[in-house]
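The values are calculated or read from the model by the stated rules, or taken from the named source; none is laboratory data. Quick caveat, the model's predicted, so the values are computed rather than measured. Cβ: placed from backbone, ideal geometry, glycine included. Neighbour counts: every protein chain shown. The area values use the complete protein model at the heavy-atom level, side chains included, leaving out ligands, DNA and RNA. Shrake-Rupley method; radii C 1.70, N 1.55, O 1.52, S 1.80 Å.
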Amino acid sequence: MARPGVRDEVRDALERSAAPAAVAAALVQLGEGHPDLDDWLDDDPDRVTRLVAVLAASRALTRLLESRPEALAVLANLEARPPLDAVTTERLAEWKRLELLRLAARDLVGLDDLSTVGRSLADLAADVLASACRLAGAEGLAVIGMGKLGGRELNYSSDIDIMFVGDGAPDALESSARQVMDVARTCFRVD
């Protein structure tokens with residue numbers, strides 16, 4: 001049985017959003033791709049707030065919600081990090097987008113303060129770099145986060161500044177570093 005007033009909650013959240021017309025259009029589009037959206041919203045009153053906040057804040061995250069069915073599951077449980085299953089570069093990039101959705105939603109609904117968001121984004125980047133090293137087969141190579149990454153103060157528009165240190169033949173280390181950067185650049189701007 002549907003929770004009474006969910007449509008009113010959606011309408012009220014829409015009216016309070018930063019971009020009511022854009023959110024309304026996104027909800028229509030999202031509903032076309034997810035016929036069970038109303039039931040999903042009925043299951044938990046916090047879902048309306050989370051969904052509208054994300055739709056109002058980010059076109060890129062809106063497209064993610066429209067194109068990836070598992071993205072709604074991320075919004076359903078903001079405590080659970082999506083499993084990191086980076087067996088390919090494409091899967092790593094997909095995981096990064098889902099985790100970014102989770103972090104942004106937590107930020108937008110006020111679950112995390114600014115310093116927590118910065119640390120969480122830095123952890124996300126560190127996980128991407130560790131996975132990039134595995135995918136590139138980079139052995140004997142250490143990746144050191146510099147700047148905001150090293151200070152664990154990333155923001156949503158930050159690039160990641162890194163330095164490589166390794167033990168071995170310089171040409172092999174340089175090749176490994178370039179491969180790591182190629183993989184990491186599918187997720188972040190890397191300097």
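From 67, 115, grab the single residue that is within 30 Å of residue 153 (Cβ to Cβ) and among the small types (Gly, Ala, Ser).
115
If residue 80 satisfies all but one of (1) among the small types (Gly, Ala, Ser); (2) farther than 29 Å from residue 7 by Cα; (3) in a loop (DSSP other than H, G, I, E, B), what's the number of the condition it fails?
(2) is the only condition that residue 80 fails.
With respect to residue 92, determine if the residue is in contact (Cβ under 8 Å) with a residue 12 or more places away in the chain, within 22 Å of residue 56 (Cβ to Cβ) and in a helix (DSSP H, G or I).
No.
Quick check: anything in the range 104-112 of a type outside the set (S, T, N, Q), over 25 Å from residue 152 (Cβ atoms) and open to solvent by 40 Å² or more (accessible area, probe 1.4 Å)?
no
Please indicate, with yes or no, whether at least one residue in the range 68-75 is under 30 Å from residue 131 (Cα atoms), open to solvent by 60 Å² or more (accessible area, probe 1.4 Å), assigned to a loop (DSSP other than H, G, I, E, B) and at pLDDT 95 or above.
So far as the range 68-75 goes, no, none of its residues is under 30 Å from residue 131 (Cα atoms), open to solvent by 60 Å² or more (accessible area, probe 1.4 Å), assigned to a loop (DSSP other than H, G, I, E, B) and at pLDDT 95 or above.
Out of all the residues in the range 122-155, which are of a type in the set (Val, Ile, Thr) and open to solvent by less than 40 Å² (accessible area, probe 1.4 Å)?
128
Among the residues of the range 156-191, count how many are open to solvent by 60 Å² or more (accessible area, probe 1.4 Å), of a type in the set (S, T, N, Q) and closer than 19 Å to residue 121 by Cβ.
Total satisfying the criteria: 2.
Considering only the range 101-138, state which residues are aliphatic (A, V, I, L, M), part of a helix (DSSP H, G or I) and touching a strand residue (DSSP E or B) at 6+ places or on another chain (Cβ under 9 Å).
122, 125, 126, 128, 129, 130, 132
I'd like to know if the range 73-89 contains one or more residues that are more than 14 Å from the chain's Cα centre (by Cα) and acidic (Asp, Glu).
Checked against the condition, which is being more than 14 Å from the chain's Cα centre (by Cα) and acidic (Asp, Glu), the range 73-89 yields at least one hit.
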